[in-house]
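Reading through the structure tokens given below for one structure.
The values are calculated or read from the model by the stated rules, or taken from the named source; none is laboratory data. It should be emphasised that the depicted structure is a prediction, and the values quoted were computed from it without experimental measurement. When we count neighbours, we look across all protein chains shown, and the Cβ atoms used for this are built from the backbone with ideal geometry, even at glycine. When the accessible area is computed, the model is the full protein with side chains, heavy atoms only, and any ligands, DNA or RNA have been set aside. Shrake-Rupley method; radii C 1.70, N 1.55, O 1.52, S 1.80 Å.
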Amino acid sequence: GENFSSIYLGGSPTPCGDDLYVGIRDGQALALDRRTGETIWRWADGEELDSSFVVTEDALYFGDTRDCVQALDRATGAPLWCHQMLDDTLASPALVDGVIYSSDKSGQVVALRASDGSLLWSRSLGSTASASTSFSEGLDRFVLGVRGGPVTAFDAATGDVAWTFVTGEEVLSTAAWGDDAWFVGSWDNRLYALEYDGTMRWSFETGANITTSPVRCPFCGRQST
């Protein structure tokens, strides 16, 4: 199997079926056999990969420091398309209903057709989009945190900004959606619960800044039958 002792992994490894997909900061993307660790294919362009992959039956999608949102053939690792962004693309993309949503360090936010990478819409936040997208339950709206401080919600179909919520400092964590609210941490030492319309439900003060992403357990609290 592969030995990663002398290199840095980028985003979290992504398992799918019998395979495991790994991005490496030296610019490689690898498909591995989950049972043996043997390499199925290797793709490299020499640019840093920091995002995790989105994997479908036919393709995988990710961002890199070549200012690119990239799609590779899942079976072979062959490039399918590359959409050129304005700056490094570090956050992990999201795939909803055949559309890839991604952002870059310049604050550009895009919606791309997953089949060919064609641009559906583009918006600018004017500040580094540091976190991945988080969608509401109906998948009609998503939020992003930015280094400038505000959490910004977008209409998924049009890219129109629905609302912004200003925290006291940078927002580096990806929000979690649950109970009809977004939960997101900030460098102002607070965890926020934001309603669908962006109003604050509550905030909790911690002892230090928050960089990790909240996680909502999907089955916690369920009663067994």
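Quick notes
- Averaged over residues, the count of other Cβ atoms within 10 Å places the peptides 159-170, 177-188 in the sequence 177-188, 159-170, highest first.
- The residues of the chain expose, per residue, 48 Å² of accessible area to a 1.4 Å probe.
- Averaged over residues, the count of other Cβ atoms within 10 Å places the peptides 66-76, 32-42 in the sequence 66-76, 32-42, highest first.
- Surface composition of segment 83-225: carbon and sulfur make up 49 percent of the accessible area, probe 1.4 Å.
- For the chain, the Kirkwood estimate of hydrodynamic radius, built from reciprocal distances between every pair of different alpha carbons, is 18.2 Å.
- Simple spin-label estimate for residue 76 and residue 200 in nanometres, 7 Å along Cα-Cβ: 5.4
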